[in-house]
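Colleague: Here's a structure for you.
The values are calculated or read from the model by the stated rules, or taken from the named source; none is laboratory data. Because the structure is a prediction, the values reported are computed rather than measured. Here the Cβ is made from the backbone with ideal geometry for all residues, glycine too, and neighbour counts use every protein chain on show.
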Amino acid sequence: MSRIFNFNAGPAALPLEVLEEVQAELLDFNNTGMSILEISHRSPAFEKVLEETKQDIKDLLNLPDDYGIFFMGGGGSLQFSCVPCNFLKEGMTAAYADTGSFSDKAFEEAEKVGRAVKVFSSKDRGYDRVPRPEEVKLPENCAYLHITGNNTIEGTEYFAYPETGDVPLIADMSSEILSRPFPVEKFSLIYSGAQKNIGPAGVVLIIAKKDYVAGRDKKLPVMMNYETILNKDSLYNTPPVFAIYIVGKVAKWLKKQGGLAAMEAVNRKKAALLYALLDKYPEFYKGRAEKASRSIMNVTFNLPSKELEAKFVEEGKQRGLGGLKGHRSVGGIRASIYNAMPLAGCEALAQFMEEFYQKNK
Ligand code: PLP
């Protein structure tokens, strides 16, 4: 078996131990004589998986009891529509901080549902930063403020969140959830597509204040109604069983690593190794993000020419460093270094960056 260091942005690397466990029990899950792919979502075996997964995530986040956890399908993108459909009432305005192409997409979906405004945008600067908390001013009758916690394509991340007072704060944390501790009680609802830090594509983890999702409009399409999915414990219909099972395994793996504070320490160390090269050779490795907004999940930069960028990606691949090409919309280089990327992967990439600079400067 030969596995590369996988720097893909998503679907992204999963911990090897998790994949090995899944492989070992794929044909017979927990002595059921069936694969997890074959068992009923209403069977005791899956109920246990679901319960433990929720509990482990609660433990990791130190989640207060007034929050619920549930899973939905449809990927992160369906949430762009679910949020305004659930919470943007007539006469109110939804506020969006526009910090990257996914926040822009979320904003566009809100505009289809009701009145939405951008209260911050770094679009004209190539999305090089997120706002400082005091920069965000909310409109009258504000339904909620939506932020994108980590901007996967652009490589920027919030480390301090806007103060919204009584206005609910909603976050898309698809690309940083469970990578570090954060003040969860500031948020009314958080959604995260799983395929970066916590599992396979398709499933979305939702963490929500129970009383915030209560009392939804009964005319909402049922599969978009947060209250229904929470009250039915993610079992209104057949949930993505296999994906939830893997999220559960990742949550257990995170606990074994020491939890979110331990993950943050190693994630910061990994990011620092790469940003050190950007700071050492700023004319060669041109960082896309302002320093204060630098993501510890996606490190983005350009080289002096497109040819050098292509060479970097190709030579990286030959050394077992895969998936370094930037998103097709922005080009350049992107190293995605989520939880499952070991420190050794970033050490190998940092060494490659040093050598590549010396040969091509
Ligand atoms: N939000 C963020 C921050 C993302 O990075 C992505 C995907 O990469 C999405 C939303 C969209 O998720 P999906 O492709 O699961 O719809």
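Colleague: Identify, please: which residue in the stretch 54-72 is out of contact with any Leu (no Cβ under 9 Å at 6 or more places or on another chain), in contact (Cβ under 8 Å) with a residue 12 or more places away in the chain and crowded, with 16+ Cβ neighbours inside 10 Å and is, among those, nearest to Leu26 (Cα to Cα)? Break it down into steps so the answer makes sense when it comes.
Modeller: Here is the first cut: in the stretch 54-72, the ones out of contact with any Leu (no Cβ under 9 Å at 6 or more places or on another chain) are 54-55, 58-59, 63-66.
In the following step, the residues that additionally are in contact (Cβ under 8 Å) with a residue 12 or more places away in the chain were identified as 54, 59, 63-64, 66.
Adding the requirement that they be crowded, with 16+ Cβ neighbours inside 10 Å leaves 54, 63.
Numbers: Lys54: 22, Leu63: 31 Å.
Among those that are out of contact with any Leu (no Cβ under 9 Å at 6 or more places or on another chain), in contact (Cβ under 8 Å) with a residue 12 or more places away in the chain and crowded, with 16+ Cβ neighbours inside 10 Å, it is Lys54.
Results for (1) surrounded by 15 or more Cβ atoms within 10 Å (Cβ to Cβ); (2) within 16 Å of the ligand (Cβ to nearest atom); (3) assigned by TED's automatic domain parsing to the domain that holds Thr300, shown as yes or no for each residue.
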{"site": "Leu205", "(1), (2), (3)": "yes, yes, no"}
{"site": "Tyr226", "(1), (2), (3)": "yes, no, no"}
{"site": "Lys232", "(1), (2), (3)": "no, no, no"}
{"site": "Pro239", "(1), (2), (3)": "yes, yes, no"}
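Colleague: Check Glu90, Glu51, Glu109, Glu38 and return the single one that is more than 16 Å from the ligand (Cβ to nearest atom) and either in contact with a Cys (Cβ under 8 Å, 6 or more places away or on another chain) or in contact (Cβ under 8 Å) with a residue 24 or more places away in the chain (or both).
Modeller: Numbers: Glu51 fails: either in contact with a Cys (Cβ under 8 Å, 6 or more places away or on another chain) or in contact (Cβ under 8 Å) with a residue 24 or more places away in the chain (or both); Glu109 fails: more than 16 Å from the ligand (Cβ to nearest atom); Glu38 fails: either in contact with a Cys (Cβ under 8 Å, 6 or more places away or on another chain) or in contact (Cβ under 8 Å) with a residue 24 or more places away in the chain (or both).
Of Glu90, Glu51, Glu109, Glu38, the one residue that is more than 16 Å from the ligand (Cβ to nearest atom) and either in contact with a Cys (Cβ under 8 Å, 6 or more places away or on another chain) or in contact (Cβ under 8 Å) with a residue 24 or more places away in the chain (or both) is Glu90.
Colleague: Now for a separate question. Kindly list, by first and then second residue, each pair from a residue in the stretch 341-353 that is free of Cβ contacts under 8 Å to residues at least 40 places away in the same chain to a residue that is surrounded by fewer than 21 Cβ atoms within 10 Å (Cβ to Cβ), limited to pairs with Cβ atoms under 6 Å and residues at least 6 apart or on different chains.
Modeller: From the stretch 341-353, the pairs are Phe352/Arg319.
Colleague: Mind checking which residues of the stretch 304-340 are part of a strand (DSSP E or B) and in contact (Cβ under 8 Å) with a residue 24 or more places away in the chain? I'd like the intermediate steps shown before the answer.
Modeller: Quick first cut of the stretch 304-340, residues part of a strand (DSSP E or B) only: 321-322, 325, 333-336.
Listed by number, the residues that qualify are Leu321, Gly322, Ile333, Arg334, Ala335, Ser336.
Colleague: Where residues in the stretch 150-182 are of a type in the set (Gly, Ala, Ser) and buried (at least 24 other Cβ atoms within 10 Å of the Cβ), which of them is farthest from the chain's Cα centre (by Cα)? So that I can check it myself, show each step before the final result.
Modeller: Narrowing the stretch 150-182 to residues of a type in the set (Gly, Ala, Ser): 155, 160, 165, 171, 174-175, 179.
This time we only want the ones that are buried (at least 24 other Cβ atoms within 10 Å of the Cβ), so: 155, 171, 174-175, 179.
Working: Gly155: 12, Ala171: 10, Ser174: 2, Ser175: 2, Ser179: 9 Å.
If we take residues in the stretch 150-182 being of a type in the set (Gly, Ala, Ser) and buried (at least 24 other Cβ atoms within 10 Å of the Cβ), then Gly155 is farthest from the chain's Cα centre (by Cα).
Colleague: Might you check whether a residue that is exposed (fewer than 14 other Cβ atoms within 10 Å of the Cβ), assigned to a helix (DSSP H, G or I) and of a type in the set (Gly, Ala, Ser) occurs anywhere in the stretch 19-27?
Modeller: yes
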